[in-house]
Amino acid sequence: MIIWLASYPKSGNTWVRSFLSAYYYSSDGNFSFELLDKIKQFPNKEFFNKKIESVDDASKEWLNAQKEIIKKDKLCFLKTHNCYGSFKGRHFTSPEYTKGAVYIVRDPRNILSSLMNHFSIDEENAYKMITNVYRNLKNDNEDYSTYSFISSWNNNYNSWKVSTKIKTIFVKYEDLENNKHDTFRSIINFINGLFFENDKINNDKLNKAIETTNFDILQKKEELEGFSEAIFSKKDGRKKRFFNLGKKNQYSKLLKSKTIKDVENIFFKEMSDLNYID
């Protein structure tokens, strides 16, 4: 059965994925980039046995691919940016294949500057991206196997929030920053409750996983070792730093006041519910 690590892009999914890979797939909680191969992104071409040539083909194959995945693994973590629900009437996933989900949500004002760096775009285009209800992700023009329907920030969040068919824990990026131990402990408790009912938390592994996936350490590892999931800049062709600003990513210092107000207006309900604004 699948446990999804779901989020809008640049919300901390890779951070949680790093922590979980260190906790569940290492002997002592020590993280290495190689462990991320244990938690792959879905959709991805390796999960399909044929070339996916269109958006329609992609959405038709989502459930078929998941059916094959759970034949191989009793427990499978998968990262996704896809909305929960259906696309053109085709469901992204099903309780038949899904045991639960961890959804990571982040203040959309801080997501904007991360999008700007990651995709080499300006503030205006980052705003268009985060508010575009038809937004999708696809890495190249030939193969649609990585196609994800992510929609806008609020649609993505709400699609997982309103679902009652699978158990989901919602984690705020800001809590990962400010209250690491309690927040990561709650994630492990949630997952153990789904799959390992008699398992107690291994505190040594928990502490080591938190320590070795600290943002500063991940940033240093990327500088020394490189990071395969970083993408190339459209401006100069160089690889962009994936672990970029961390706590220095403060929207009030990086965004125009008009952009901040526009984001707060369009996402007012969700940001209020999440206590991002009063």
Next on the checklist: Checking the a/c ratio against 1.5 first, then a/b against b/c, what shape does the Cα gyration tensor give for the chain?
Outcome noted: rounded
Checklist outcome for this item: Note: LYS88 to LYS200 extended length (0.36 nm per residue) minus current alpha-carbon separation gives 36.1 nm
Checklist entry - Relative contact order for segment 3-139: what is it in percent, counting Cα pairs under 8 Å that are at least 6 residues apart? => result 34
Item to check | Counted charge near ILE2, where neighbours are those whose Cβ lies closer than 9 Å (Asp, Glu -1; Lys, Arg +1) | outcome: 0
Checklist entry - What do you reckon, how do ASP278, ASP182 stack up by accessible area (1.4 Å probe), largest on top? => result ASP278, ASP182
Item to check | Among LEU224, LEU115, LEU176: highest mean-square fluctuation, GNM of the chain, C-alpha pairs under 10 Å | outcome: LEU224
Checklist outcome for this item: Projecting the Cα atoms of ASN64, LEU35, HIS81 onto the charge dipole of segment 31-96, where Lys and Arg contribute +1 and Asp and Glu -1 at Cβ, the residue farthest towards the positive end is ASN64
Checklist outcome for this item: Amide H contacts under 5 Å for ILE52, restricted to residues at least 5 apart in sequence or on another chain and with H modeled in the peptide plane, are TYR144, SER145
Checklist entry - At q = 0.14 Å⁻¹, what log₁₀ I(q)/I(0) does a Debye calculation on the Cα points of segment 1-103 give, no solvent, two decimals? => result -0.55
Checklist entry - What pairs in LYS60/LYS88; LYS99/LYS161; LYS10/LYS128; LYS40/LYS99; LYS74/LYS172 have C-alpha atoms more than 20 Å from each other? => result LYS74/LYS172
Checklist entry - Computed FRET efficiency, Cβ-Cβ of LYS128 and GLU46, R0 35 Å: what is it to the nearest 0.05? => result 0.65
Checklist entry - Which ³J(HN,Hα) values in Hz, rounded to whole numbers, follow from the phi angles of segment 32-46 under the Karplus curve 6.51 cos²θ - 1.76 cosθ + 1.60, where θ = phi - 60° and Gly and Pro get x? => result 9, 4, 4, 5, 5, 5, 6, 10, 8, 8, 10, x, 7, 4, 5
Checklist outcome for this item: With label points set 7 Å from each Cα along the Cα-to-Cβ direction at TYR25 and ASP37, the distance between them in nm comes to 0.9
Checklist entry - Counting only heavy atoms of protein chains, what accessible area per residue, in Å², does the chain have with a probe of 1.4 Å? => result 50
Checklist entry - Cα centroids of segment 97-113 and segment 1-67: how far apart, whole angstrom? => result 14
Checklist entry - Taking amide H positions as placed 1.01 Å from N in the peptide plane, with prolines and chain starts having none, which residues 5 or more places from SER86, or on another chain, fall under 5 Å of its amide H? => result PHE92
Checklist entry - Taking the Cα-to-Cβ direction at GLU177 and at ASN192 and moving 7 Å from each Cα, how far apart do the two end points lie in nm? => result 2.9
Checklist outcome for this item: per DSSP, antiparallel bridges as share of beta bridges in the chain, % nearest 5, sits at 20
Checklist outcome for this item: Counting only protein heavy atoms with a 1.4 Å probe and every protein chain in place, the carbon and sulfur fraction of the accessible surface of the chain in whole percent equals 45
Checklist entry - Which whole-number percent is the relative contact order of the chain (Cα, under 8 Å, 6+ apart)? => result 24
Checklist entry - Shape of segment 144-233 from its Cα gyration tensor (a ≥ b ≥ c, root eigenvalues): rounded if a/c is under 1.5, otherwise prolate when a/b > b/c, or oblate? => result oblate
Checklist outcome for this item: From most to least accessible, 1.4 Å probe, no ligand or DNA/RNA atoms counted, MET129, MET271 line up as MET129, MET271
Checklist outcome for this item: Probe 1.4 Å, all chains present, heavy atoms only: ILE39 accessible area in Å², nearest 10, is 0
Item to check | Anisotropy class of segment 17-174 from Cα gyration tensor, a/c 1.5 cut | outcome: rounded
Item to check | Of all DSSP beta bridges in segment 1-153, antiparallel share, percent nearest 5 | outcome: 25
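The values are calculated or read from the model by the stated rules, or taken from the named source; none is laboratory data. Just so we're clear, the structure is a prediction, and the values are computed from it rather than from any experiment. Reconstructed Cβ throughout: ideal geometry from the backbone, glycine too, with neighbour counts over all protein chains shown. For the accessible areas, the whole protein counts, side chains as well, though only heavy atoms, and no ligand, DNA or RNA atoms are used. Shrake-Rupley method; radii C 1.70, N 1.55, O 1.52, S 1.80 Å.
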